[in-house]
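Input: a single structure, listed below in structure tokens.
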């Protein structure tokens with residue numbers, strides 16, 4: 001009985017890990033779509049992003065993001081409203097102006113952390 005219970009728990013944990021990985025991949029893909037969407041995230045207007053077409057040069061190239069921003073919350077804050085940290089920024093406050101929802105911002109951050 002004990003061995004069977006341990007086996008069931010191990011399978012349950014493995015299935016949960018698979019679901020978590022699938023969800024993470026899904027949010028990364030959604031974030032990439034939003035980042036490259038000229039009508040929504042529109043990150044390519046200002047930033048060079050690997051895989052993007054016709055990148056802008058106003059903002060920094062978006063690469064090595066996870067090493068530059070190891071605290072995910074910092075990146076969420078930047079996308080939500082960079083004017084709080086840098087009042088003279090040219091980056092639009094996507095969250096404050098409700099251009100992006102909280103979920104969309106999180107999806108974009110998930111994508112940016114893969115760069």
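Which members of region 64-97 meet the condition of being surrounded by 14 or more Cβ atoms within 10 Å (Cβ to Cβ) and within 13 Å of the chain's Cα centre (by Cα)?
65, 69, 72, 75, 76, 77, 78, 79, 80
Which of the residues spanning region 53-78 are closer than 16 Å to residue 43 by Cα, touching a residue at least 24 places away in the same chain (Cβ under 8 Å) and not in a loop (DSSP other than H, G, I, E, B)?
Matches in region 53-78: 62, 65, 75, 76.
Could you check how many residues of region 79-109 are in contact (Cβ under 8 Å) with a residue 40 or more places away in the chain and either farther than 16 Å from residue 40 by Cα or not in a helix (DSSP H, G or I) (or both)? Steps first, please.
Of region 79-109, the ones in contact (Cβ under 8 Å) with a residue 40 or more places away in the chain are 90-91, 94, 99-100, 104, 106-109.
Going one step further and asking which of them are either farther than 16 Å from residue 40 by Cα or not in a helix (DSSP H, G or I) (or both), we end up with 90-91, 94, 99-100.
Residues meeting the conditions: 5.
Read the figures in this text as sums done on the coordinates, not as results from a lab. All values reported here derive from a predicted model rather than from experimental measurement. Note that we place each Cβ from the backbone using ideal geometry, even for glycine, and neighbour counts take in every protein chain shown.
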